[in-house]
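Remarks on the structure that follows.
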Amino acid sequence: MVRKLFPDWGEEISRLALSNETFRDMCEEYGLAVEALDLLEQRNHPRDADRVHEYRTLIGQMERDLKYELLAAYKPDRAGKS
């Protein structure tokens, strides 16, 4: 899933996931969150609206964290920039 998010970083993602357990865990957690959101959106139940919003917020933060980790590992001079 993370490779779809950052298609130009496929090789770096693979390398970092192999060498960094924390990054690997982040990737797994991101995939689980995206899958959970997909299920909630498919279910399309009004009582899930708050949960959908929470997952979208969480996924947005996870995407920023993943990007930061990639930049910190491969372009440390850009890690603080969006």
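The numbers here are math on the coordinates, done by the rules we state, and not lab data. If you're wondering where the values come from, they're calculated on a predicted model, not measured in any experiment. Every residue, glycine as well, gets a Cβ built from its backbone with ideal geometry; the counts of neighbours run over all protein chains shown.
Among Thr22, Asn44, Ala73, whose Cα lies farthest out toward the positive end of the dipole of segment 2-78, if unit charges sit on the beta carbon of Lys, Arg (+1) and Asp, Glu (-1)?
Asn44
For segment 2-78, what relative contact order do you get, as a whole percent, if you take Cα pairs closer than 8 Å and at least 6 residues apart?
For segment 2-78, the relative contact order is 32 percent.
Among all helices in the chain defined by DSSP H, which have a length of 24 Å or more along the axis from Cα atoms plus a Kyte-Doolittle mean of at least -1.0?
Span-like helices here: 21-43, 49-74.
Return the label of the correct value of P(r) over Cα pairs in 5 Å bins from 0, in percent, as calculated from the structure shown, out of (i) 3, 13, 19, 26, 22, 13, 4, 1; (ii) 3, 14, 24, 22, 15, 10, 7, 4, 1; (iii) 3, 17, 28, 23, 15, 8, 3, 2, 0.
Calculated P(r) over Cα pairs in 5 Å bins from 0, in percent: the matching label is (ii).
Can you pull the one-decimal nm distance between simple spin-label points at Asp25 and Asp77, each 7 Å off the Cα toward Cβ?
Distance between the two pseudo-spin positions: 3.2 nm.
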